[in-house]
Every structure is written in structure tokens, then in C-alpha cells.
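Read through the structure below, which is laid out as C-alpha cells, and then see the notes.
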Amino acid sequence: MSAQPLRLAHISDVHLIDEKTRLRMRDWLSKRAVGWANSRLTRSKLFRHAPEICRHLVEQLPTRQLDGVIFTGDATTIGTPREFSMASEIFAPLLQAMPGLAVPGNHDHYMRQSVRARLFETTFASWQTGLRVDEHVYPFARQLNGIWFVCVNSSRPNLAPWDSRGKVGQVQLDRLEKLMSSLPAGPKILVTHYPYQLGNGHPELRWRKLRDARKLWDIMGKEAFFWFHGHRHVRYHLPIIGSSCVEVCVGSSTQEGRWSYHEYTFARDQLVMLHRMWNKADHRFDDVSEEIIPMPEAWQKHF
Ligand SMILES: [Fe+2]
Ligand SMILES: [Fe+2]
């Protein structure tokens, strides 16, 4: 492993909204109508600064001596082609400038059409390179400075409008087992959109949870030192009981009042987690706090 500590930014849940989206007749009978109404009533206010903040991140992250970016999904609000072209236009310079890892959120995989058309995967293609099983997109694993980042898709469209549960699915779990057994030695970090648990250690709510979180944990639990995710728009981190894994939810990078992101520095003995928050008055991110997570012995053996 490189003596130089790895430095990564972690952004998530930026929820770009296309205000000009108009629904077609057939959309009114679909879940897209509910998402569209929700975005008009609440999200368009909460995320009205999202394009400005994203453009700022795209410009500033390459200047911050980072080795890459983790993006844990929800680039869009209802996953329309117009929202993905917005995301593509805004993120293109960063996708070219820096290596990255990207997994879709439930809002990116909101509708079957968007999943079938691979809108997220096309937009973030350069952040989805790595080792995989055959030609399947998920899961994939990429090594940065000797650390393996194992990226799993936990999002899929649900039929009912109130259902925002995630699922990895048995087929992907089987591939994950195969991928994990084929990876060379090195510390592993799991990257998904959905959390394992809430910030208070309780399970996620019934209609919002990752349905097969336990099965995912059974495969990754012994190996992963961290589980990075988004989905919840408030940031938190806590250990997963009975393991040396720490779960880190970065929260939303653009939601009014919560807008923040993390910068991680992975050293042999600790992870330094810098929390940076959007300063609305000065149009920039400011450092808020630095949290230190000590690394377990098993991690240190890899250095
Ligand atoms: Fe979100
Ligand atoms: Fe989400």
C-alpha cells in the first residue's frame, strides 16, 4: 500500500430537478406523477440551490489535493432523461478531471424506463470502472492506493408510490460473493446508496429500508472496514455492532440547510473525516469539524 494517505471526497443526494419537466398523458397513471408532484411541492424549494452547489463542487474538488470522489447516488429527483442530461452537463468536467466511484440512488432508478435505458450508468460511466463478474455492471470493485472499494447497487424501482425500499437482489448478491472471493488482498470498503441502520442504531423504517441489508451484511460484514452510503439526508456515523466496520452516512450535499460533504484521509492508524458545509452567503464550502476514527489492528496489518 502507498505510504501517501489516500484522500477522497464523498458527495451524495444532490437531487437535481428539471423544473421544465412536463408529464405526458401516460405518465399521469404512473409513479412518475407522484414523484413529479412531490418535487413540485417540496423538493424544488429544498434543492433550489443544487445546480449552483454542484457546479461549485465540480470546480473546487480538483483543487483540494484529492485522489478521487465517492458519489453515493440520487443525482436526480425522478430520473427523467432531462434530469440526467442536467447531471451530465454539470458533472462532466469533474468526471473527466478525477477518478471516482458512483452508485445509483432510488431517485435515479425511480422508473423502469430510466433503468432500462441505463441513464445513470451512462452519465457516470467513468466512475463505474473496475473489476466485475462477467459483463454485469453491479457489483464492481476498484482499488485506490491499495484499498478496495466494493460498489453495490441497492436501488430499484418500486411500484407503490409510498414504497421507497431498496433491494440488492439475490442475483447481485451471488455475484458479490464471487467478486469478493476473487479480489486480491487488501482492506475493503462497501459503497451503496441505502444504509444498514439509522444514526440512532435502529433499523431503517419499514417502507424505506434496504430489504436484504442483512444478506448483504452476511457477505461483507467480516471484510468491510467501512460502509459508505447516502439516502438519509442527515449525516451520521456509527459502528455496526459486533464488527470492526463503521457505517458512514454523508447526508445530502445540496439540501437547504444540510448541504455538506466529507473529505476523508485514510492513514494507517486513523481515518480523518473532514465535514465541510455550504456557506450560502459566501457561496463556498467551509470546514466545520474534523472527526477521527481509529483504525482497527486488522486494517493496520495491510500497511
Ligand atoms: Fe436522497
Ligand atoms: Fe435515496
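Points worth noting:
- Sorting 82, 165, 118 from the fewest to the most surrounding beta carbons within 10 angstrom yields 118, 82, 165.
- Listed residues 155, 12, 88, most fluctuating in the chain (Gaussian network, C-alpha, under 10 Å): 88
- Local charge for residue 144 was computed over the other residues whose Cβ lies under 14 Å away, with Lys and Arg +1 and Asp and Glu -1, and equals +2.
- Order of 253, 85, 181 - criterion: other Cβ atoms within 10 Å of each residue's Cβ, fewest first: 181, 85, 253
- Debye, to nearest 20: dipole size of region 241-297, +1 on Lys, Arg Cβ, -1 on Asp, Glu Cβ: 200
- With neighbours defined as other Cβ atoms within 10 Å of a residue's Cβ, the residues 55, 156 order from fewest to most as 55, 156.
- Taking amide H as placed 1.01 Å from N in the peptide plane, the amide H of residue 271 sits under 5 Å from that of 293, 295, each at least 5 places away or on another chain.
- Net charge, residue 177 excluded, C-beta distance under 15 Å - Lys, Arg +1, Asp, Glu -1: +2
- Of all DSSP bridge pairs formed entirely within the chain, close to 60 percent run antiparallel.
- Pairs of Lys in region 70-222 closer than 16 Å at Cα, counting only those 8 or more apart or on different chains: 6
- Rounded to whole numbers, the Karplus 3J(HN,Hα) couplings from phi for region 215-225 are 5, 4, 5, 4, 7, 9, x, 6, 9, 7, 8 Hz, using 6.51 cos²θ - 1.76 cosθ + 1.60 with θ = phi - 60°, and x at Gly and Pro.
- The dipole here belongs to the chain: it is taken about the Cα centre, uses +1 on the Cβ of Lys and Arg and -1 on the Cβ of Asp and Glu, and is about 1140 debye.
None of the figures in this text is laboratory data; all of them are computed from the coordinates on show. From a predicted model like this one, the values you see are computed outputs, not experimental measurements. Note: ideal-geometry Cβ built from the backbone for every residue, glycine included; neighbour counts use all protein chains shown.
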